[in-house]
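Contents: one structure, followed by commentary.
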Amino acid sequence: MFESENLKSEIIGWLTEDDVKAAEITIGSSDFQLVLSNAFGLGLEIDIAKPKGKSIIVFGTKLQNPPAVQQGFMSIDDMEKIRTIEALKRDLIKLGVEYSISDNFSTVMIVKELYLQDLTRTVFMESLKLVRNAAIFVISILSEKLATEQTATPPHSHADLTSPYG
């Protein structure tokens, strides 16, 4: 249905039109994979991949919780740990993303899959920004709850964003 090279070129074109820079990396399990470093000026790294043999695009980011957040998590009692994780899971489900939270709470992965049959520029950019927003949400909630001295979101400015999507 979609030829990978044409699909990749179209996606790179969409990103370029919105002044989002992408670097391509080679992964054997993907037809192509793009990495957005400092995505939207927020200090986030977001991957966009087309897995081999699948008709989906996968958006993903892996958040490394800073030591202050990990220490804050370890310092709360077991019931509060459960409530914190369960509330975070419910909120991520409500946002419409998939997630993976490591046992020691050092990482939180956020993923969104988009079927190629639904692919338009608008749906693509909305999915990309959903992953970005979910990451900002996680950072903000964890910083607020577990490390009050941490910055809630990475330093950024929206002044240079001209995207019609957001």
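The values are calculated or read from the model by the stated rules, or taken from the named source; none is laboratory data. Fair warning: this is a prediction, and the values are worked out from it, not measured in the lab. A quick note on method: Cβ atoms are made from the backbone with ideal geometry, for glycine too, and the neighbour counts reach across all protein chains shown.
Here are the numbers:
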| read-out | value |
| --- | --- |
| Residue count, the stretch 1-53 (criterion: of a type in the set (Ser, Thr, Tyr) and more than 20 Å from the chain's Cα centre (by Cα)) | 2 |
| Filter result (assigned to a helix (DSSP H, G or I) and hydroxyl-bearing (Ser, Thr, Tyr)) within the stretch 42-78 | Ser75 |
| Pick from the stretch 111-128, criterion over 21 Å from Glu3 (Cβ atoms) and touching a residue at least 60 places away in the same chain (Cβ under 8 Å), ranking: surrounded by the most Cβ atoms within 10 Å (Cβ to Cβ) | Leu128 |
| Odd one out for Ser102 among (1) free of Cβ contacts under 8 Å to residues at least 60 places away in the same chain; (2) in contact with a helix residue (DSSP H, G or I) (Cβ under 7 Å, 6 or more places away or on another chain); (3) within 27 Å of Leu34 (Cα to Cα); (4) not acidic (Asp, Glu) | (2) |
| Test for Ile93: is it at pLDDT 95 or above, touching a strand residue (DSSP E or B) at 6+ places or on another chain (Cβ under 9 Å), β-branched (Val, Ile, Thr) and under 18 Å from Ser140 (Cα atoms) | yes |
| Qualifying residue in the stretch 79-89 (condition: assigned to a loop (DSSP other than H, G, I, E, B), buried (at least 16 other Cβ atoms within 10 Å of the Cβ) and β-branched (Val, Ile, Thr)) | no |
